[in-house]
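The values are calculated or read from the model by the stated rules, or taken from the named source; none is laboratory data. Predicted, not measured: the structure shown is a model, and the values here were computed from it. All Cβ positions, even for glycine, are placed from backbone atoms using ideal geometry, and neighbour counts span all protein chains on display. Accessible surface areas use protein heavy atoms only, side chains included; no ligands, DNA or RNA. Shrake-Rupley method; radii C 1.70, N 1.55, O 1.52, S 1.80 Å.
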Amino acid sequence: MKGFARRIAIGVLASSLGCGAVLAQGWQHLGSVQRVEKLNDGIELTAGTAKVRITVFRDGVFRVRLAPNGTFPKDSSWAVIASPEPRAFKIEENQKEIRITSGVIAAAIQRSPLLITFSDAAGNVLLADEPSLPMAWNGQRVHAWKKMPLDENYYGLGDKAGPMNRRNHAFTNWNTDAFGWQESTDPLYKTIPFFVGLRKGVAYGLFFDNTYRSSFDFGKESADYFSFGAEGGELNYYFIAGPQPKKIIEQYTALTGRPPLPPLWTLGYQQCRYSYYPEARVREIARLLREKKIPADAIYLDIDYQEGYAPFTISRQDFPHFEKMIADLREQGFHLILITDLHIKKNPGHGYAPYDSGMNSDVFVKNPDGSVYVGPVWPGESVFPDFTLTRVRDWWGGLYKGFVEMAAAGFWNDMNEPAVFRYPQKTMPLDVVHRMDDGTTLDHRAVHNIYGMENARATYDGLRKLQPEERPFVLTRAAYAGAQRYAATWTGDNSATWNHLSMSTPMLTSMGLSGFAFVGDDIGGFGGSPPSDLLTRWYEVGAFNPIYRNHAAKGTLDHEPWANGPEQEAIRRKFIELRYKLLPYLYTITEETSRTGVPLMRPVFLEYPEAQEFYGDDRDFLLGSDFFVSPVVSETLDAHGVFLPPGEWYDFWTSEKHTNKDQIKLHPRLDEVPLYVRSGAIVPMQPLVQYTGEKPNGPLELRVYLPAATAANACGGALYQDDGHTFAYEKGEFLRVNYSCRVSNGSVTVASSIEKNGFQPWWKSAELKLYGAAAAPKEVRIGDEVIHEWRYDGLAHSVTVTVPDAGKNWSVRFAF
């Protein structure tokens, strides 16, 4: 018998002997309920020395806390920002169980031993403790085991390689500088202890709010149960009822926060390399992007722009005209993003302000003996800000003042796991001391996984203070649940291989399911030199990712769009251009994400939870609710089989209509990506620009993909626009338009309804394109006026008409 299984068996035996009995291997399991105390928001149960609180946190959300010694710690969280909302609930008791019902969800607590089962109003079990394994503790360690139905699937946990479905795999959460990671590498850079369980279209969520090194095992140890636990801290988790997957993401992000609306330019193409230097090279990259008419909005500088790799310095030898370079790039429509690693070079007596001011203000992490902790990173011996203190975060945020005054547009917080060049641990010693605002301290075991998040928080909050009207852009590598409130992220140091291209989609969709909607990966792979076809395919799929950044390591061949010659350049330009044409749609779904938490890039089951054929699909994804992307991520020459989501879908390129019953087999050319639009979608697009700050020349384009008459109620779309960079939208300075279409026998009516008219857009007219028209219309009316200037394309089955005053409510009726 395996050691772990043997310990569990001993634990079950011991727990059956009495409440809280000590196990042979040190584990203690909950025994029988001895006392029930009713609380304002739930109940507190006593079982021997332990207590368990089960409370109704919000509508559809229960919280479970275990105190092994009967004393609950101070209630605090780095992740949860929502306050409990009082909800009506009912408590019922009998000899076998206690039952708490709130709305349509009930928590049933078996008395002996103490076991918890969550069910819906119909009595369907959503989540239940494994009967033989009540919650347990072993010294500082805590653990819980849950039943695992044979057909249940598990998604989430954020930054994990491998398949999107976590079933039959086990994972560790410990933020790690994982250079050279591969499919089986674990842990990686982020800790997001949240997952979604999905079974036959019904889902629930579970968030284990514990910052220590934690583990999740979805059936690797046993086919009967899954489990989660941590090496310290509290057994404290939230059950989220759903039951729709999309609702769960909304509820989870209501708990931990939603991403702020980013600047519009961050949705553009971003060019990066380790490293662009000297100054002449940066200018050359900008010049080539504009000369070759490759749309782009951002250029990154990696650590070589700094003096001796010391953060917040500038190598004047390599960048003699740094300020003017930024200004010149701005004039060309480029935003400069600077890396600012969190390690501060230990450099006393040389006028290095971050070190000197930090020492004077006592801001750095300390050893147990009170001395400042010192560890080697890029600048050599370095010290590390103690981001758990508010005053230290304020100090860090103030360090950006000079760069902000130079008009640097965004900042890249790398190496913030934190990475330290001491092996094998690659981070700080676990006994370094972090100070809290209330005067208490925690060791690094408790702080490690939130350290990078607090670094990003300090950066974001600092930028808000320095530029109160400008939306910050922060990119972080390390994170904990809730870091989406402060930063975008990427998947770290990936590799230039087909395998890593194929892994990009499940990793990005998993991050979106975990609350982190603004994500990307290094287009082309960070490590290595991709062959030309691989790089091109990566550019293609990247056009539909939330963050579209090309990045490469030192010593690799060029990854820029023009690498590998004019033929490859033309294909890559085509997809970058498509992204810019789709910016009205992209920005609209981005604003939706900032309100709801639902990610831009979605696994199909998020919109179609009953479509079980997509539960294991790691290749295809949705962009918003209207686009289905089936990218080529393999170098094999086999036919590319496409299985569409439920309903009807239009081929974006040909406008041919398909249903999910069609068997589509393609052999996409190198310049082709299978791309489909939902029947009933109304998609806003724009004329091509070279950067987001350039005013489009022409009308707004509205593509209407007609549904069948029976699906008329599913026909619609939206448009959101604002100034793209300030917080004026919070004061109502934005435009929101709702579009609809009604299909009946012989006619189609498309209508525009202004919901909020607080911003003047760049367009005045709209070009309406109606797809799915089998024949030319007999008559076209805008309002009551018959229009004679319209075009019918028999090949594309489309009708095009211009709406001249599209900034008002309008309707267009097509009679066939």
Ordering Arg736, Arg213, Arg471 by accessible area with a probe of 1.4 Å, largest first, what comes out?
Arg213, Arg736, Arg471
Once R0 is set to 56 Å, what does the formula 1/(1 + (r/R0)^6) return for the Cβ-Cβ distance between Thr440 and Leu557, expressed as a FRET efficiency to the nearest 0.05?
0.60
I want to make sure I understand the PRE zone here: with the label point 7 angstrom from the Cα of Leu637 toward its beta carbon, which residues in region 488-504 have backbone N atoms less than 11 Å away?
none
Probe of 1.4 angstrom, ligands and nucleic acids ignored: what's the accessible area per residue over region 715-794, in square angstrom?
51
Global form of region 133-193, assessed from the alpha-carbon gyration tensor, a/c cut-off 1.5:
oblate
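How big is the charge dipole of the chain about its Cα centre, in debye rounded to the nearest 20, if each Lys and Arg gets +1 on its Cβ and each Asp and Glu gets -1 on its Cβ?
It comes to approximately 1320 debye.
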For region 330-456, build the convex hull from the C-alpha positions and give me its volume per residue in Å³.
122
Stokes-Einstein diffusion coefficient of region 593-709, Kirkwood radius over Cα pairs, 4 °C, 1.567 mPa s, in µm²/s:
82
For region 665-770, which GluC sites (Glu not before Pro) are both in a DSSP coil and crowded by at most 16 other Cβ atoms within 10 Å?
Glu672, Glu694, Glu733
Report, in deg cm²/dmol and to the nearest 500, the calculated mean residue ellipticity at 222 nm for the chain, where each DSSP H run with n ≥ 4 adds -39500 (n - 2.57) and the sum is divided by the residue count.
-6000 deg cm²/dmol
Can you give me the % of accessible surface on the chain that is carbon or sulfur? Probe 1.4 Å, all protein chains present, nothing else counted.
50
Going by a ≥ b ≥ c, the root eigenvalues of the Cα gyration tensor, does region 85-231 fall in the rounded group (a/c under 1.5), the prolate group (a/b larger than b/c) or the oblate group?
prolate
Expressed as a whole number of Å, what is the distance separating the alpha-carbon centroids of region 268-330 and region 568-642?
30
Selected from Gly462, Thr176, Phe218, residue furthest toward positive end of dipole (the chain; charges at beta carbon)
Phe218
Any idea of Trp562's accessible area? Nearest 10 Å², probe 1.4 Å.
40
Once normalised by the length of the chain, the mean sequence separation of its alpha carbon contacts under 8 Å that are 6 or more apart gives a contact order in percent of 9
Which order do Trp762, Trp145 take when ranked by solvent-accessible area (1.4 Å probe, heavy atoms of all protein chains), largest first?
Trp762, Trp145
Nearest 5 percent is fine: what portion of the DSSP beta bridges confined to the chain is antiparallel?
85
Would you mind giving the average projected area, over all directions, of the Cα convex hull of region 21-149 in nm² with one decimal?
8.6
Taking a probe of 1.4 Å, how large is the accessible area per residue of region 498-545, in Å²?
11
Of all C-alpha pairs within the chain, those more than 52 angstrom apart amount in percent to 16
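Between the DSSP loop rule and a limit of at most 12 other Cβ atoms within 10 Å, which trypsin sites (Lys or Arg not before Pro) in region 55-151 are left?
Hits after loop and neighbour filter: Lys74, Lys96.
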Would you mind classifying region 637-690 by shape? Square roots of the alpha carbon gyration tensor eigenvalues, ordered a ≥ b ≥ c; an a/c under 1.5 is rounded, otherwise it is prolate if a/b is larger than b/c and oblate if not.
oblate
Could you state the number of Å between the C-alpha centres of region 148-171 and region 40-83?
26
Just tell me, in residue order, which DSSP H segments of the chain are both 20 angstrom or longer along the helix axis (alpha-carbon based) and at least 0.5 in mean Kyte-Doolittle hydropathy.
3-17
Heavy-atom accessible area of Tyr277 with all protein chains present, probe 1.4 Å, nearest 10 Å²?
90
